[in-house]
1. Residue by residue through the stretch 22-39, what is 3J(HN,Hα) from phi via Karplus (6.51 cos²θ - 1.76 cosθ + 1.60, θ = phi - 60°)? Round to whole Hz and write x for glycine and proline.
2. Based only on other Cβ atoms within 10 Å, what is the fewest-to-most ordering of THR99, THR64?
3. What is the set of long-range amide H partners of ILE94 at a cut-off below 5 Å, with H atoms built 1.01 Å from backbone N?
4. List the residues, sorted by chain then number, that are 5 or more residues from LEU158 or on another chain and whose placed amide H is less than 5 Å from its amide H.
5. What size of dipole, in debye to the nearest 20, comes out for the stretch 27-106 about its Cα centre when the only charges are +1 on Lys and Arg C-beta atoms and -1 on Asp and Glu C-beta atoms?
6. Over all distinct Cα pairs, what is the inverse of the mean 1/r for the stretch 27-106, reported as the Kirkwood hydrodynamic radius in Å?
7. Starting with the fewest neighbours, write out HIS157, HIS26, HIS5 ranked by other beta-carbon atoms found within 10 Å of each beta-carbon.
8. Pairs of alpha-carbon atoms within less than 8 angstrom and 6+ residues apart define the contacts here; what relative contact order does the stretch 27-106 have, in percent?
Amino acid sequence: MQDGHTGPSVASEIAETLDRLGRAAHALQFVQGLNPAQWEALRFLGRANRYSRSPSSLAEYLGTTKGTTSQTLRALESKGYVTRCRDCNDRRGISLELTTEGRELLANDPLRDIERAVAALPDECASQLAKGLTRVLANIRGRCRQGEFGVCARCNHLVPLSADGAARCGLTSDTLTKDESEQLCVNFSACARDPEKPATQFPADTD
């Protein structure tokens, strides 16, 4: 193809492979007494930042209704994997937190099988695969109910402060540690720069 686009036959093969991979991933997650939606909720809460661990953000991330998300949360709470507490950032809201048992369970995430399969790929192949799948997801996101989400380090709101990874959220003015900058955020805004690369430009010294 001279225009650089993937041909119809290759695109069809990739779409079918993704479908089969999706079904395989789905089947892997009926373990430990949980279903795929419950595992995905645990994963989100394990990676979400302080602004995003709410029932409404979880519903947006999962692309489901609040009622369906409530059922998922009730199941996880009854099993002792998730707890609710008052949101320190918003006293009217609820913050969802993984319990110690929830974090221990997440350490045995069944998707680790897929991670290990990807880790066996050559570095260049894995990198191209990640970029390609990210673009595919971006192209179809508008057709589903899922929010954009993304890590703070790649967000347009991020203001890097120092080489050690400290930064400030331009939306909330809160200071973020390096670890917090790698968490998922409901307020994510895609950067005009390469979305695969975090910002590294620090503010000029005004002293």
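1. x, 5, 5, 5, 4, 5, 4, 8, 8, 9, 6, x, 10, 10, x, 5, 5, 5
2. Ranking THR99, THR64 by Cβ neighbours within 10 Å, fewest first, gives THR99, THR64.
3. Placed amide hydrogens put ASP87 under 5 Å from ILE94.
4. Excluding prolines and chain starts, which carry no amide H, the hits are GLY170.
5. Its charge dipole is roughly 220 debye.
6. This gives a value of 12.6 Å.
7. HIS5, HIS26, HIS157
8. Reported as a whole number, the value is 30 percent.
Every number in this text was worked out from the coordinates using simple rules, so none of it is lab data. Computed from a predicted model, the values in this text were never measured in an experiment. As a convention, Cβ positions derive from the backbone with ideal geometry for all residues, glycine included, and neighbour counts pool all protein chains shown.
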